[in-house]
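The next block holds one structure in the form of structure tokens; read it before the comments.
Bear in mind these aren't lab numbers, they're just calculated from the coordinates by the rules spelled out. Not measured: the values here are computed from a predicted model. Here the Cβ positions follow ideal geometry from the backbone for every residue, glycine too, while neighbour counts run over all protein chains shown.
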Amino acid sequence: MNNAKSADIIIVGAGLMGASIALSLSKAGKKVFLLEKEVCACHASAVNAGGLRRLNRALEEIPISVAAMEMWPQLPKIVGNDCGFQPVGQVRIAPDEKSMTLFEKRVTEVEALGFFHEELVSSAEIKQLVPAYTGSCKGGIVARSDGHALPAQALRAFFNTACSAGTEPFTRCKVVDISHGKEGFTVVAEDGRLFTSEVVINCAGAWGKSIATLFNDQLPIEPVALSMMVTARMKRFIHPVVGVHGRKLSFKQMANGTVVIGGAHKAFLDKTKEKTTISISEVRKSAETVMKYFPIMAKASIVRCWAGIEGVMSDGLPVIDQSQTTPGLFHVCGFSAHGFQLSPMIGRLVSSLVLGKKPELSLAAFSMNRFKIPD
Ligand SMILES: Cc1cc2nc3c(=O)[nH]c(=O)nc-3n(C[C@H](O)[C@H](O)[C@H](O)COP(=O)(O)OP(=O)(O)OC[C@H]3O[C@@H](n4cnc5c(N)ncnc54)[C@H](O)[C@@H]3O)c2cc1C
């Protein structure tokens, strides 16, 4: 195909997963094209809440999450930027005895796997850690070196470092078709540009299903719009990132004093236009929850609301695996609203997978065949 541009590996989607994988593969000497339908930093990877949480993760994700957390302080060496990393800890409050019993069970389960980052704390210690919280409290659970970072800054750092390492980016390059034959893959962009490669990695986030469907792979990803709010700057009143068990609340004060509020409140999503619209009633509910537990927030001014589109899997775990139908095709998507923290480690793991080496951590829990309908 004379007019096609050729690489060893084509990655579809320049979110953090695509950029992190591109960086690792370029460093390994591969010729990588990174194809993005928009520009860098448009979607979930750049507009998320920035929470870096091992606390209360699905048990299957803990080994990757723990390894990723060791990488966050090292990012100045890896991508030349600290990505706004703040190791201020994450706290989850037990508002009643039932929640505290669940936390006790949880810590035992995590420790049985050989991990000790989650600690039970008393209600007195919660009072010290989060003095502005006025709700009921029977204690809590804490991961002291978790924290938060700046998503857009992190994505740009990974993208730019991947490009410096040799990745060739193609923005405004929407992939509309991919075929596979004896010569490898032919990837077709909406504007007619053609690309060929031996390997394709699907890092299309909430749009991952449309790439998988081209090859009859089952990827039950549901695109969901999640809303966020940020306040004007306030005098420092909280350090760790805080959640309350059973309540839709995630709450953090950034280094500049603004307070970022999330908690998985949904926005409206027009899947065809790929546009989100804030739901005023959901945002109001979110603000009411915040004011109920943090009365100091009654004085806060909300300066901006936004929503990001995330690919959520039916079981809440991503897929990180080879295709079930096509050699050389890999799917890395469906991070279900908690992929930001994992992203530095995903580059290393997927790069090994693609290069035919044994990944340093098992990816068995993220296989595609967990969705296979038995014959
Ligand atoms: C509001 C919100 C809050 C969140 N908060 C947190 C948090 O606090 N902590 C945490 O760990 N995680 C959080 N997350 C989740 C995290 O942001 C995601 O899991 C992660 O960014 C997913 O990265 P990705 O690269 O897979 O997807 P994306 O960032 O969505 O990147 C996928 C890219 O693929 C491109 N693409 C899609 N289809 C095509 C195509 N056909 N051709 C070319 N390009 C294509 C898209 O344009 C997009 O840029 C949150 C998510 C949201 C939405």
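General observations
- Distance between the pseudo-spin-label points of Ala124 and Lys299 (7 Å out from Cα toward the beta carbon): 2.9 nm.
- Gain in span if fully extended, Trp306 to Met291, counting 0.36 nm per residue against the direct Cα distance: 3.5 nm
- For the chain, calculated [θ]222 nm from helices alone, where every DSSP H run of n ≥ 4 adds -39500 (n - 2.57): -8000 deg cm²/dmol
- The magnitude of the dipole of the stretch 298-375, with charges of +1 and -1 set on the Cβ of Lys/Arg and Asp/Glu and taken from the Cα centre, is near 280 debye.
- Cα gyration tensor shape of the stretch 90-144, rounded if a/c is under 1.5, else prolate or oblate by comparing a/b with b/c: oblate
- Here the residues Asp146, Asp191, Asp217, Asp96, ranked from fewest to most Cβ neighbours within 10 Å of their Cβ, fall in the order Asp191, Asp96, Asp217, Asp146.
- Angle between the chain longest axis and helix 16-27 axis [Cα atoms, degrees, rounded to 10]: 50
- Residues whose placed amide H lies under 5 Å from that of Ser6, excluding near-sequence neighbours: Thr196
- In straight-distance terms, cross-link reach from Lys30 covers every one of the lysines whose alpha-carbon lies under 19 Å from its own, apart from those fewer than eight places away in the same chain; here that gives Lys5, Lys357, Lys358.
- Convex hull (Cα only) mean projected area of the stretch 228-375, reported in nm² to one decimal: 12.4
- Projecting label points 7 angstrom from Cα along Cα→Cβ for Ser362 and Leu102 puts them 2.6 nm apart.
- Residue among His245, Ser301, Asn56 farthest towards the positive dipole end of the chain, charges placed on Cβ: Ser301
- Non-local Lys pairs in the stretch 221-313, i.e. 8 or more apart or on different chains, that have alpha carbons under 27 Å apart: 24
- Most positive-pole-ward Cα, Phe340, Ala189, Val199, against dipole of the chain from beta carbon charges: Phe340
- Net charge dipole size for the chain [Lys, Arg +1 and Asp, Glu -1 on Cβ; Debye, nearest 20]: 1080
- Dipole of the stretch 77-123, positive end: most advanced residue of Ile78, Thr108, Gly89 [Cβ charges, Cα centre]: Ile78
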